[in-house]
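For reference, the structure discussed in these notes is given below.
The values are calculated or read from the model by the stated rules, or taken from the named source; none is laboratory data. All figures in this text were calculated on a predicted structure; none of them were measured in a lab. Cβ sites come from the backbone with ideal geometry, for glycine too, and all protein chains shown count toward neighbours. Heavy atoms of the whole protein, side chains included, go into the accessibility calculation; ligands, DNA and RNA do not. Shrake-Rupley method; radii C 1.70, N 1.55, O 1.52, S 1.80 Å.
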Amino acid sequence: PAASAVLKKRLVKLVVNFLFYFRTDEAEPIGALLLEHCKITKEEENVFSISFIEEPERKYCFECATEEQCLEWVEALRRASYEFLRRSLIFYRNEIQKMTGKDPLEQYGISEEARFQLGAHRQ
């Protein structure tokens with residue numbers, strides 16, 4: 001860690017696209033990271049980091065008990081964002097449509113909705 005870094009022991013819990021963090025002796029979270037527009041990087045054997053596009057100089061580092069646990073966290077965090085879920089939806093929607101000839105979302109009345117199209121990106 002950098003000289004200005006502060007190391008603290010925290011417990012974490014992933015809920016959808018939020019990573020909540022807790023003091024080890026408290027049941028309520030003391031904060032959360034919204035896992036959107038972020039980069040998850042495996043740093044060392046048992047260490048990964050989270051940095052955000054808007055604040056690339058700020059990095060949150062996490063140490064796991066084992067490398068296997070670290071890899072599991074990295075994979076889970078990479079799949080936690082809305083953008084990952086959106087891309088997955090588009091991929092599987094297209095695959096089902098190729099196989100069946102039908103849009104699987106048509107029954108929900110959203111087959112023409114622009115936000116599910118590949119080229120659409122709203123902010």
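Of all the residues in segment 6-58, those that are in contact with a strand residue (DSSP E or B) (Cβ under 8 Å, 6 or more places away or on another chain) and assigned to a loop (DSSP other than H, G, I, E, B) number 9. Here segment 1-36 is the region considered, the condition is being in contact (Cβ under 8 Å) with a residue 24 or more places away in the chain, surrounded by 11 or more Cβ atoms within 10 Å (Cβ to Cβ) and of a type outside the set (A, V, I, L, M, F, W, C), and the residue that is nearest to residue 67 (Cα to Cα) is 17.
Checked against (1) more than 30 Å from residue 107 (Cα to Cα); (2) part of a helix (DSSP H, G or I); (3) not acidic (Asp, Glu), residue 90 passes all but condition (1). If you filter segment 59-81 down to residues that are open to solvent by less than 90 Å² (accessible area, probe 1.4 Å) and part of a strand (DSSP E or B), you find that the one that is nearest to residue 13 (Cα to Cα) is 62.
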